[in-house]
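What follows is a single structure, written as structure tokens, with notes after it.
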Amino acid sequence: MIATAPKGTKDVLPGQIHAWRHVEESYREACRRFGFQEIRTPVFEHTELFSRGVGGATDIVEKQMYTFDDRAGRSLTLRPEGTASVARAFVENRLYAEMQPSKYFYGISCFRYEKPQLGRLREFHQLGAEIFGAGGMLADAEVICLAADFLGGLGIGGLDLRVNSVGCPSCRPAYRELLRDFLRPSYDGLCETCRKRLDSNPMRILDCKSPRCREIAADAPRMLGSLCGPCASAFDELKGHLVAAGLAFTVDAGIVRGLDYYTKTAFEFVSDGLGAQDTVCGGGRYDGLIEDIGGPGTPGVGFALGVERLLLAMESSGAKAPEPEGADAFIAAMGDGARAAALGLMRRLRGEGLRVEMDCLGRNIKGQMKLADRLNARYALIIGDDELRDGVVTIKDMRSGEQRPVGMRDAASFLRRRDVAEQREENGKGI
Ligand code: HAM
């Protein structure tokens, strides 16, 4: 038990970390190009932020939150998502007083008590972005373009962008009634959760995975057919922007999203290689959220990508993270005197910014060279009695096998010169 991670959590092991870093660094770089600034918020918040922000009748708030009382009896919750927290930080720190719009991005861990399966965890990671203070559809197009460019840059194939409008507080109540009227005659056929949802949140029934509920809801009226004038023209405007930006998309009237704060735009990027948990990215507009949590009326729009699902989608579509770089040099030393010289040399080289390693288990030279191979070292720097006497190291090019003596003091500049020459060659400029 002690040596088992809690159900629904996963370690990211050193062998997997380069793929994670590749994804995180690519995201950071995409956000830089789009002018989004990083924001970091606490892992836990007052429970009320999520019950009000995400919505009391959502699955997240009803059954998935990790909620606990702290020692002073305050109810706190591990964040199940990032949007409510970023909105809270925006209000609390009066960031609305700065020039708008505000464009934020984040990389966070989130916690939801769900039934774990492939692509669904209890602790998972999101890369998200939010724009506050821009009510027009250009902001929606901006966040969708950010997600699309980032995903495209990772080389993931088989991703489909789906967009919808979920209306607003002026058109949604009438639509909800229409939906209830349609579903009520089939009440007995609905699953237990959906029976409850009929009153509290009937739109979620459209998203139920139970085959019977799906069948019943298949011909149900969709929000798209009941949009008010402003919502309908906003949706047309968004589609126009996406076309202008050159993004392929499908209108999917079935997207409802699992959080209550959405108004107008809802969108998802869905992967064809992931099975049931196929939504890699979900987002949309939430024009009432900031006011709902006590801030000044401020529109918002954003998305979050699930990192674990993203990595699965990369794997299933054959998109690879670049191979991790090996050591710049491995110092192989024979004898006590050589080891002492190697330690000094290693510190100097590391001080120059090079990644240098040596054996610390007393291996013989054969074992040390094997280790140099394992570490994917570009060069081996060999120091034995002869080298020690002559004040040199034998530098072995681990790719070509070529060896040559270089003065101990010149090793760093030799490695750096070779490095520059190789980079030039790789860039096709020749030496
Ligand atoms: P969400 O759809 O709940 O939206 O989550 C966004 C993404 O997080 C999902 O598309 C999925 O990739 C990932 N995800 C969600 N739950 C899990 C889980 N249990 N295990 C693994 N991955 C998961 C939000 O969270 C909104 N805050 C997105 C947003 C930002 N809307 C506007 N701004």
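Here are a few things to note about the model shown:
- Residue list for the range 25-75, filter: within 15 Å of the ligand (Cβ to nearest atom), acidic (Asp, Glu) and assigned to a helix (DSSP H, G or I): 59, 62
So that you can scan it fast, the table gives a plain yes or no per residue for (1) among the charged types (D, E, K, R); (2) away from the ligand (no atom under 12 Å from the Cβ):
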| position | (1), (2) |
| --- | --- |
| 97 | no, yes |
| 104 | no, no |
| 108 | no, no |
| 119 | no, no |
| 136 | no, yes |
| 142 | yes, yes |
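- Note on the range 326-351: residues that are part of a helix (DSSP H, G or I), within 15 Å of residue 406 (Cβ to Cβ) and either of a type outside the set (A, V, I, L, M, F, W, C) or in contact with a helix residue (DSSP H, G or I) (Cβ under 8 Å, 6 or more places away or on another chain) (or both) total 4.
- Residue match in the range 308-323 (condition: in contact with a strand residue (DSSP E or B) (Cβ under 8 Å, 6 or more places away or on another chain), within 15 Å of the ligand (Cβ to nearest atom), charged (D, E, K, R) and touching a residue at least 40 places away in the same chain (Cβ under 8 Å)): yes
- Residue 181 charged (D, E, K, R), surrounded by fewer than 20 Cβ atoms within 10 Å (Cβ to Cβ), modelled with pLDDT of 95 or more and over 29 Å from residue 310 (Cα atoms): yes
- Candidates 254, 275, 297, 258 - the one that is assigned to a loop (DSSP other than H, G, I, E, B) and away from the ligand (no atom under 16 Å from the Cβ): 297
The values are calculated or read from the model by the stated rules, or taken from the named source; none is laboratory data. Please read these numbers as outputs of a predicted model, since none were measured by experiment. Reconstructed Cβ throughout: ideal geometry from the backbone, glycine too, with neighbour counts over all protein chains shown.
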